[in-house]
Amino acid sequence: MADASNTNAFVEFERVQKSYDGENLVVKDLNLTMPKGEFLTMLGPSGSGKTTCLMMLAGFETATHGDIRLDGVSINNIPPHKRGIGMVFQNYALFPHMTIAENLSFPLEVRNMGKSEREQKVKRALDMVEMGAFGGRRPAQLSGGQQQRVALARALVFEPELVLMDEPLGALDKQLREKMQFEITRLAHDLGITTVYVTHDQTEALTMSDRVAVFDDGRIQQLAPPDQLYEEPANSFVAQFIGENNTLEGTVKEINNGIALVQLDDGELIDCKPINVSKPGERTRVSIRPERVEYNKERMQEGAHTLKAEVLEFIYMGDIFRTRLRVAGNDEFIIKTRNAPDQTRLTPGQQIEIGWLPEDCRALDA
Amino acid sequence: MSDTTHTGPVLAADGTPLKRSLARALRMQKIRALMLIAPLLLFVLLTFILPIADMLFRSVENKIVSDTLPETVVAVQDWDADSGVTPPAPVFEALAYDLVVAAERKEHTRVGSRLNYENPGISSLFRKAGRRADDIGKVYIKQFEKLDPAWKEPATFVSIFADPAWVSSRSDDAEPLFEVSETAAAALPKASTAYTRWARTIQQEDNDSPTKEDPWAPVYLALHNDLAANPQAPSAFGGDAQAALQAVSTAIAAGEVETTTAYDAFVKIDEDWADPEVWRTLKTYSGAYTNGYFLNAADFQKGADGAELRPESERIYGTLFLRTLLMSLAITVSCIVLGYPVAWILANLPSRTANLLMILVLLPFWTSLLVRTSAWKVMLQQQGVINDTLVWLGLVADDARLVMINNQFGTIVAMTHILLPFMILPMYSVMQTINPSYLRAAKSLGATNWTAFWRVYFPQSVPGIGAGSILVFILAIGYYITPELVGGTKGVFISNRIAFHISQSLNWGLAAALGSILLVVVLALYWAYDKIVGIDNVKLG
Ligand SMILES: Nc1ncnc2c1ncn2[C@@H]1O[C@H](COP(=O)(O)OP(=O)(O)O)[C@@H](O)[C@H]1O
Ligand SMILES: [Mg+2]
């Protein structure tokens, strides 16, 4: 393993652009720096350019402009097979004509490794993903989850420093997916591998990653640890995309001492935290997380801002209640409350008063 | 894996066994399915299965000899072919009786040609003998008539030989098939048979009646021989018949009758009838079934000690089979070599471009086979396009133009071109199903372009190669028109020889045997292919 003198820059994208057809930029001005050992997730809607970024890193697509560096070395001119990057494909791409053991042995063979060493490594890698008993089978004889593990083992068996995974859990059912999410993170941390993980599933991104890069329209909209991403979305796209979110539209009246006064479209005035609004008169979208909204007067915190609301729908979801309200002309206002013993259940048609703290209410771009 | 722990059969809701109830439910479905395929089934049966069965049958069938020469075939069995002497007199007599009937039915030339395949020259023996068969025994006619004028009357013969029941049942308008009397059959066995065959032949062939015609000469010969062998025979008869017979019998006993033998008659017609080899051939091929065609097709012949390989100069079919196989193999290999990259490109292009190029691949299918083959003639001949170009470029001297047609090269080139689409199509459809991510995966794992192709892509494309190869090879092995047109003498296939025997030499038995061998070879290769490659590994898409 080569020592990276600057551990803060194991993988670097610098002003990378990519166009397939010469007309549209699929990746626009991508800048990204990853330290060694980080688990970074690229999260974004389908078509936002995540796979393209991964393919450029792996060497199957060339950047139209910009520089990609691995461990300080520009890799634009290194062919894929010399990059030493492990990769897990969405369809696993296990070679169907080889057994599981042969699949794992393949990267070692092309590195001219001796037979006994190969067997040893294959065995260790299979044991690592708890597939030790399946070495003699063909991929077609395995279930989806098992194939997934083998694909993972194959990407790791030759001990790459960087592993790329393109929606590796997309084809699995929910339960299996959660189990694999955990295993992948565990392996990545145990082995100290730097991982770039692509997904369009936000839960996956939040639970697995050290940092998440939210992609949209060929740009990184926000690059932050999961908690920050959820609680402090940098713009309304991120707020909408990550988790559930209530949006109220309005106009900034004034900004004072880090508090923005926003007049909602039905005339109500509320206090918000200004995130990317700078001057009065600007249109804004105010974002409030459903679980930060309170309607129980006794629990309402000091300094909470209150508004009138009408209950439209009450949905019992077991651990929580999900209630749809009409607030300031918005029929899609959702609140979530824990199913606690003293919690009151709302009934449709009921007129209530809801409230939240000004710091939970973020004035974002319109 | 279902474990059935209960004892009795599973029952349906109404108490009938589930199996029966299921079978009943499926029966209607099966019948309907069967009705749908019935027209095709019938068509295939009539136009394909039955002809093949007929062909297989023809390759061993040899009834013509025993049907045409029934008495000879029986008589010759007692003769030892290795004795080196001609068969005894009864065999020649039997041949005389058989031949006169065959000549009347015009079948003698056919049996002659059949035996001629095995021993050239026999055909003319039969032709000549057939023409003059009714002369054999002619000397007796005049003598009999002189001894008793009753012999001039057809009625005398009828009274001797005919079954009284037949006589009473017949009328001039409606005559049943002649029946011989038991008395005659016992007293004059050979003559009875000869007369009966004559009588029935003229009834069937000429619509004549034995009551109005004199028998042909061999009947007299048979009668003479019977009376010579058994002078007491006339006593079995009565009346005029007895008198006529007695007159002849007495004269024979007194040595007053000038005799002749069938042997002399045949040798006089052609002295080769005395050649034991002719008779060996006849005896060898007297059975109703023969392996002769197959031996012939494998360059064997029947010699003194059973089957033996033909002399080197006469072997043709072995070489021809081998050549057909090798050239088909060469064509298959060149189709793979030329077709693989094309299929690869087609499979990796965007589908719109691929479809366009596919039309180019399929273009040959829209042109007549004959036109394409003729085009190759124009290209490859010595004054053709390629030679002209090479000469013009100075690569080849004008007096040393390459010979590229009417030889194996020409056949291979033209057939590769013609069969190429059959290779490309299955390869293409298999390659299309190979996900490009496999190649990417291989490269990401550290494989060079070549290793990735060879270890990952190629093995997955093998089923396409397999399907294409088997298609091309089997089509090539039976190809006829192209080798015929551009193959010359060195580049023809076994099918050209089969066609020759079907349409020119008219030796259908041999053609059938060659065809059967070809069929077996193809099936054997298919079997071997299944064992080696595995037929599951063949995909057409
Ligand atoms: N090989 C390609 N040729 C042309 N356009 C492509 C190609 N691959 C992807 N694209 C386009 O680039 C955009 C981004 O695709 P992709 O990187 O696969 O997005 P994601 O993985 O985020 O869903 C899409 O609009 C897609 O149509
Ligand atoms: Mg993608």
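The values are calculated or read from the model by the stated rules, or taken from the named source; none is laboratory data. Since the model is a prediction, treat every value here as computed from it, not as a measurement. Every residue, glycine as well, gets a Cβ built from its backbone with ideal geometry; the counts of neighbours run over all protein chains shown. When the accessible area is computed, the model is the full protein with side chains, heavy atoms only, and any ligands, DNA or RNA have been set aside. Shrake-Rupley method; radii C 1.70, N 1.55, O 1.52, S 1.80 Å.
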*Search result, residues across the range A:159-172 that are over 19 Å from the mean Cα position of the chain (by Cα), within 12 Å of chain B (Cβ to nearest Cβ) and buried (at least 20 other Cβ atoms within 10 Å of the Cβ)*: A:160
*Is there a residue in the range B:499-513 that is open to solvent by 10 Å² or more (accessible area, probe 1.4 Å), within 14 Å of chain A (Cβ to nearest Cβ) and assigned to a helix (DSSP H, G or I)?*
no
*asked:* Which pairs turn up if I take residues in the range B:322-341 that are within 15 Å of residue B:361 (Cα to Cα) and in a helix (DSSP H, G or I) and look for partners that are open to solvent by less than 30 Å² (accessible area, probe 1.4 Å) and of a type in the set (Ser, Thr, Tyr) with beta carbon separation below 9 Å, at least 6 apart in sequence or on another chain?
replied: B:335/B:416; B:335/B:469; B:336/B:469; B:338/B:416; B:339/B:428; B:340/B:461
*With (1) touching a residue at least 12 places away in the same chain (Cβ under 8 Å); (2) at the interface with chain A (Cβ under 10 Å from one of its Cβ atoms) as the list, and residue B:489 as the residue in question, which single condition is left unmet?*
(2)
*Name the helices (runs of 4 or more DSSP H) wholly within the range B:140-258 that hold at least 3 residues that are assigned by TED's automatic domain parsing to the domain that holds residue B:130?*
none
*Index of the failed condition, residue B:290 passing every other in (1) closer than 17 Å to residue B:512 by Cα; (2) of a type in the set (Ser, Thr, Tyr); (3) in contact with a strand residue (DSSP E or B) (Cβ under 6 Å, 6 or more places away or on another chain)*: (3)
*Have a look at A:79, A:107, A:96 and point out the one that is within 14 Å of chain B (Cβ to nearest Cβ) and in contact with a Leu (Cβ under 6 Å, 6 or more places away or on another chain).*
A:107
*asked:* Step by step: first the residues of the range B:57-83, then only those that are among the aliphatic types (A, V, I, L, M) and assigned to a loop (DSSP other than H, G, I, E, B), then the one that is surrounded by the most Cβ atoms within 10 Å (Cβ to Cβ). Which residue is that?
replied: B:69
_So, in the range B:312-328, how many residues would count as being open to solvent by 50 Å² or more (accessible area, probe 1.4 Å) and either farther than 22 Å from residue B:301 by Cβ or of a type in the set (Asp, Glu) (or both)?_
4
*Out of (1) more than 8 Å from chain B (Cβ to nearest Cβ); (2) open to solvent by 40 Å² or more (accessible area, probe 1.4 Å); (3) over 29 Å from the mean Cα position of the chain (by Cα), what's the single condition that is false for residue A:146?*
(3)
*Within the range A:4-62, which strands (runs of 3 or more DSSP E) (wholly inside it) include 3 or more residues that are away from every other protein chain (no Cβ under 14 Å) and within 12 Å of ligand 1 (Cβ to nearest atom)?*
A:27-34
*Of the residues in the range A:63-77, how many are in a loop (DSSP other than H, G, I, E, B) and modelled with pLDDT of 90 or more?*
2
*Pick from A:228, A:175, A:202, A:221: which is polar (S, T, N, Q), more than 16 Å from ligand 2 (Cβ to nearest atom) and surrounded by 15 or more Cβ atoms within 10 Å (Cβ to Cβ)?*
A:221
*asked:* On the basis of being touching a helix residue (DSSP H, G or I) at 6+ places or on another chain (Cβ under 8 Å) and farther than 30 Å from residue A:80 by Cβ, does residue B:518 make the cut?
replied: yes
_Failed condition for residue A:129, given (1) open to solvent by less than 40 Å² (accessible area, probe 1.4 Å); (2) within 14 Å of another protein chain (Cβ to nearest Cβ); (3) of a type in the set (Val, Ile, Thr)_ = (2)
